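Structure first, commentary second.
Throughout, read-outs are computed from the coordinates displayed, never taken from laboratory work. In this text, all values refer to a predicted model and were calculated from it rather than measured experimentally. Ideal geometry is used to build each Cβ from the backbone, glycine not excepted, and the neighbour counts take in all protein chains shown.
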Amino acid sequence: MRSEIHVWMPMIGFDRDASDKGVAAWLESVGFTPRGVSVFLFHPDIVHLHDGLDEDRALPPDNCSYYGSPRNEDRCRQDWTTHDLRTLVQALAAAGAAPYLGIMGVDLGNRWHHEWLGDHPEVRQALRVGDWSLNVLKRLRDGTFYEDFFVEKLCQVMTDYGFAGLQVADNFCPGGGVLNHGDFSTDMLRQFLDHTGRHLPAALSAGLGDDSLPERNRRGDWLWSEARQDWIGFYAWRWEGFWSKVCGRLHAIGRKAIVMGMYCTDPFETLYCKGIDLRRLARAGVDTLLANIVPTGLRLQHPERPDRFHRDMLLAPLTAAWAPEARLLSLLGVKDATEEWDVLHHAPSLLERDIATLLHFQRQTGQGLRPCLDGLMVCLGDGIHADEWSWLRRRLDIAEQDRLRRVLAPTVLWSDAALENTLPAYIHTRRWTLHRIVTEIYRRGTPLGAVVRSDDLAAVEGTLFVPTFDLLSAEERAAVASWRRGPVVVLGAARGVSPEDLGVQPDVAFVDPFSDEPMRLCAWNTAPAEREALQALAALAAVDDGTPNLAGPPEAVPEHRNVLVETLTFCKATAGFCEACAQVLRRLSGSPFTCNLPMVAFLLDDGRYRLHLANPDATSYGYAVVCAPRVVAEVAIRSTYPVLPVAYMDSPDEAVGFGGKASTGTQRCFRAKITPGGVTILEVRLAGTGLA
């Protein structure tokens, strides 16, 4: 495997009774040595209460197992000590798997031990409805910042145990809740005022020092209505400062930091909802950003919520474009014995789909294509046996994208300026963000396989998709208008999408006429033979779907409180308009193949094509009918399914039975079967490529 594979491993996955704490036996079952292993101690008191290793001390149950869970598939929770932990860390390091300290910022109310946070309630999150979990940006009672206390203890833990670095997640970074919900404590408000130089209204100023719920809510209402953009900017500044200090100290002792930062959120959602600018975390020295792209586990747990597959998968290319200097891993949601979900055993074809999708996204650079992700972190790694690791390894190997020349799908243009311009625009209009636009396109079956930063635009060949054209800088809009290496499709607020002002006459253009904040699509550089069909698609946008526009001022629209349920509220965009946009892009995808099911095509460096065929129906097998522009010479099955060869067809509507149909050397179409909700990966050679 070329991709880095890390494993997030609860302590219950190791064996305290073994001399090496089970490391050798576990690595034998894994079948390879992971690049890193996050030793999931879970509770941050492993740092807060650290007092050296001169004496061997018992670790509390919430360090010995995730949430103190009593068992997994293999064993009951064991009673670990500090010296046991040191032996474990040393054994992992000796085996070549870098051991990271994995923690969250939880507060369990002294359930398993007397918690440090119970003695320091001043650094709990002061939310609108109560106090919850840890806020690492606050100050301790004596006025010192929590981060100064934490980093001293952390460096001691790194050195004493021998950890290679720190890995943090939920309630540590990112913090719990959303910005509109808190923290509205006196401490955070005073930090905000000191940083921005803003002044409070007299009534709010008089209430400083009173952190009662009514006072918090009054502060929150004022911040969100009068200082929202500054409040978001303040948090982004604080998080950068926090990680600059922590990473500076870690790097000084040769350690690294893996930080989640986002929470199933794209770069804009992460900024707006969590107050974290992922690019600034990279600038602060965070070595690796960790995206928690786990839509299938969430879906299995919460069937009442909308499926997040398409929106979450797109976090990989968008984060890679926003923070290209950072290494980027994604969680691979395999199973979790504590949270009681198991994709590996209960939905394996969906797990196969997740692996293939996560690893297929590419970023176009001036030096060619590169994967958006540097690798994956298996979440979680306990209770997986040797045959199951073998199953995972095989699918990870299959999903690796090698020998790529081009992605034959629209390339999404990323602009830093557009991201920065989105914040005020969204606040005042609730306009659709880039992520929301590409999600709607993607979930309607239109392939999106690559992203490019605006400064690498010259490297793109094929269809260019610019979802927020009006938010680009003037220089970027001019560069898009003058680009001639393929069709261009732009979207954005209708009042700002005017390529005509740049000397471009669109081949097709239409507006969503039923939205109070309408979007406009324009396309140019299209083939003359395509234009009539493209223009006919505008009729889809001429039908209202009956959904209402937002009522009242956009700035006053209620915010969501749980990003795992929903993140942002948007203005109306009609379903017909979205479908028309998706079909325009699908017709201009640049793929020489057609397919009745979602497909992404890649041109390989030897002239063959790799096809990722997806079945959106998780309840039945899919039958993908693929047609090529000329005779199909050979189809090789790269995925583990189907087992039988594809069935060749003389026409796309020919009936094909169980026996299939062999090639006669004249067919341009074939049928391939796909697992329920899964993917089939094929490599196709067309006649006339010159390959043996």
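Cβ crowding within 10 Å, taken as a proxy for footprinting-reagent exposure, orders D107, D650 from fewest neighbours to most as D650, D107. Magnitude of the charge dipole for the chain, about its Cα centre and with charges confined to Cβ atoms of Lys, Arg (+1) and Asp, Glu (-1), is about 1740 debye. Sorting 620-628, 7-15, 363-371 by their mean Cβ neighbour count within 10 Å, with the most densely packed peptide first, gives 7-15, 620-628, 363-371. Among 223-232, 198-207, sorting by the average number of other beta carbon atoms lying within 10 angstrom of each residue, highest first, gives 223-232, 198-207. Amide H contacts for V378 (H built 1.01 Å from N in the peptide plane; partners 5 or more residues away or on another chain; cut-off under 5 Å): H6, V7, W8, L332. The residues packed around M649, meaning those with a beta-carbon under 13 Å from its beta-carbon, carry a net charge of 0 if Lys and Arg are +1 and Asp and Glu are -1. In a simple Cβ point-charge model (Lys, Arg +1; Asp, Glu -1; nothing else charged), segment 597-664 has a dipole of about 140 debye relative to its Cα centre.
Quick note on the chain: its Rg to Rh ratio, both from C-alpha atoms and Rh being the Kirkwood radius, is 0.98. Close amide H contacts of L41 (hydrogens built in the peptide plane, cut-off under 5 Å, sequence separation of 5 or more or a different chain): G102.
Here's the picture: charge each Lys and Arg Cβ at +1 and each Asp and Glu Cβ at -1 in the chain, and of I276, V412, L604 the one pushed furthest to the positive end of that dipole is L604.
Multiplying the sequence separation of A556 and A386 by 0.36 nm and subtracting their Cα-Cα distance, what value in nm do you get?
Answer, rounded to one decimal: 55.8 nm.
Placing a label point 7 Å from the Cα of C76 along the Cα-to-Cβ direction, the residues of segment 12-27 whose backbone N falls under 17 Å of that point are 12-18. With θ taken as phi - 60° and the Karplus curve 6.51 cos²θ - 1.76 cosθ + 1.60 applied, the whole-hertz 3J(HN,Hα) list for segment 603-620 is 8, 8, 6, 9, x, 7, 10, 9, 10, 9, 9, 10, 10, x, 9, 7, 9, 7 Hz, x standing for glycine and proline. Once the convex hull of all Cα atoms in segment 594-686 is built, its volume per residue stands at 89 Å³.
Annotation: amide H-H contacts under 5 Å for E634 (H modelled 1.01 Å from N, sequence separation of 5 or more, or interchain): R685. At most 13 other Cβ atoms within 10 Å and a DSSP loop assignment: could you name the chymotrypsin sites (Phe, Trp or Tyr not before Pro) in segment 457-493 that fit? Listed in order of number, the matching sites amount to none. Ratio of Rg to Rh for segment 411-587: 0.95 [Cα atoms; Kirkwood radius as inverse mean 1/r over pairs].
Residue order for H50, H346, fewest other beta carbons within 10 angstrom first, comes to H346, H50. So, in the chain, how many Lys pairs have Cα atoms under 15 Å apart, if the pair is 8 or more places apart or on different chains? Close lysine pairs found across the chain: 4. Ordering D84, D142 from the fewest to the most neighbouring beta carbons within 10 Å gives D142, D84.
Summing +1 for each Lys or Arg and -1 for each Asp or Glu among the other residues whose beta-carbon sits under 15 angstrom from that of G109 gives -4.
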